[in-house]
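To start, the structure under review is shown below, and the notes come after it.
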Amino acid sequence: IVVGAIIYTVADRLKSPAQVAVLATPATLDLRPLSEYRGTDSGRATEAKPALILPRKNLRLTLYFPVGADEGQYTLQLLDGQLHTLLKQQLTATLQNHVVTAGADLDLRSFSPGAHTLAIQRIGDEWRLYSVLLQ
């Protein structure tokens, strides 16, 4: 019985690392409330913008782009407080249910908590910067 228990334990330890998959946590960043409005509507200028918060986990991130964003290829970067690139990824944004949406797999576990900058650029356009808090 002891020999069988030892064999079972050793065999279980050998197969565990290969079978353990790091599951991605679903997360959503909705950038639509952060859309830039044109004109002189002063009421919108005073509205509080929602905070963008991401957990420091392995994420399957869904991005909802601001109103007026186009479908196509985008570059996403996560920048630290000194605006150094921590992570860079290419995205494809498509129209889904009348919202321009993209998905990204981001592993944020190794990054320090605190304020960071999320930079998004459609190929050929200007960068759009968003403050994001990693928790």
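The values are calculated or read from the model by the stated rules, or taken from the named source; none is laboratory data. Given the structure is predicted, the values throughout are model-derived calculations rather than measurements. Heads up, the Cβs are rebuilt from the backbone with ideal geometry, glycines too, and the neighbour counts pull from every protein chain shown. Surface accessibility is based on the protein's heavy atoms, side chains included, excluding ligands, DNA and RNA. Shrake-Rupley method; radii C 1.70, N 1.55, O 1.52, S 1.80 Å.
Apply 1/(1 + (r/R0)^6) to the Cβ-Cβ distance of LEU133 and ARG109, taking R0 = 25 Å, and write down the FRET efficiency to the nearest 0.05.
Between LEU133 and ARG109 the formula returns 0.95.
Ignoring ligands, DNA and RNA, what percent of the accessible area of segment 66-135 is carbon or sulfur (1.4 Å)?
Answer for segment 66-135: carbon and sulfur cover 48 percent of the accessible area.
Residue by residue through segment 99-115, which ³J(HN,Hα) values in whole Hz follow from phi under the Karplus form 6.51 cos²θ - 1.76 cosθ + 1.60 (θ = phi - 60°), with glycine and proline marked x?
Going residue by residue, I get 10, 6, 10, 9, x, 8, 9, 10, 9, 9, 5, 8, 8, 6, x, x, 6 Hz, with x marking Gly and Pro.
Relative to a virtual label point 7 Å from the Cα of LEU52 in the Cα→beta-carbon direction, which members of segment 108-135 show backbone nitrogen distances below 16 Å?
The answer is 108, 114-123, 126-135.
In segment 44-135, with Lys and Arg counted as +1 and Asp and Glu as -1 at Cβ, which of these residues, LEU108, ASN97, GLY68, has the Cα nearest the positive end of the dipole, that is, farthest along it?
LEU108
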